[in-house]
């Protein structure tokens, strides 16, 4: 089999590397190990934070820094340090307080380095974080919570899975659309605001993206070809900027990019075992 030493492969985590039930198909893990053994560079490129990434660090093989917080930081697993950080250029507590006033019905969360911080207490947050093996705390108002990399707004939490935030009632989805529009109007000059899922809104520094993070890593590693896999709107720039991009057959973006099998069947494995050999054969 051909060497994959020219390739950097970065993949989204939820509903790309995982299935809709948040489990990782074993087929994906086997293919990733094969890919790295043949010289390929592999990492996860996700909106998840360091605390949320800890839920999969021991299960997902990687040989390149993790790209986290939608590109706001790169995490080196060897040194356990976060590098290439891009902070939101606003006063943290002034911004969070304004969000609480604007959206009293939504959960406002700061995604820190050591933990996620619940800014306004809401039911089920402890269940959600515990289920995702994510360290969490109730923020003490005015406290130093570390670098201001990313904050999120959630609709009502009803269970522990990330998957349940990918659906909602028409009223819930309308509220999230309204909140997204308000956030863009208020903070859009300094921040990127987008729906990471139908009932999750992510906010991070302007100009930061999974695409930029992937290209920076590609340059650092000296790889010639960037291949990316994702499924949703927050992957759009990454997929458009990649040399080659693919989405699971059941992805939100299916139809806009070449597709492989549904995520639960091992979409990343399809990219590694079918698509990348085709790319190398052509190039």
Next on the checklist: Looking only at segment 16-45, how many residues end up being out of contact with any strand residue (DSSP E or B) (no Cβ under 6 Å at 6 or more places or on another chain), at pLDDT 95 or above and within 23 Å of residue 204 (Cβ to Cβ)?
Outcome noted: 1
Checklist entry - Among the residues of segment 1-46, which ones are in contact (Cβ under 8 Å) with a residue 24 or more places away in the chain, in a helix (DSSP H, G or I) and farther than 25 Å from residue 161 by Cα? => result 31, 33, 34, 35, 36
Checklist entry - Which one of these does residue 92 not meet: (1) under 16 Å from the mean Cα position of the chain (by Cα); (2) in contact (Cβ under 8 Å) with a residue 40 or more places away in the chain? => result (1)
Checklist entry - Is there a residue in segment 209-216 that is touching a helix residue (DSSP H, G or I) at 6+ places or on another chain (Cβ under 9 Å), outside the structural domain of residue 271 (by TED's automatic domain parsing) and farther than 25 Å from residue 255 by Cβ? => result no
Checklist entry - Which of the residues belonging to segment 225-283 are in contact with a strand residue (DSSP E or B) (Cβ under 6 Å, 6 or more places away or on another chain), within 29 Å of residue 152 (Cβ to Cβ) and assigned to a loop (DSSP other than H, G, I, E, B)? => result 231, 242, 249, 253, 260
Checklist entry - If a residue has to be surrounded by fewer than 20 Cβ atoms within 10 Å (Cβ to Cβ) and modelled with pLDDT of 95 or more to count, how many in segment 184-206 make the cut? => result 8
Checklist outcome for this item: Selection from segment 62-89 of residues farther than 16 Å from residue 220 by Cβ and surrounded by fewer than 17 Cβ atoms within 10 Å (Cβ to Cβ) yields 80, 87, 89
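The values are calculated or read from the model by the stated rules, or taken from the named source; none is laboratory data. Everything numeric here is computed off the predicted structure, so don't read it as measured data. For neighbour counting, all protein chains shown are included, and Cβ atoms are generated from backbone atoms with ideal geometry for every residue, glycine included.
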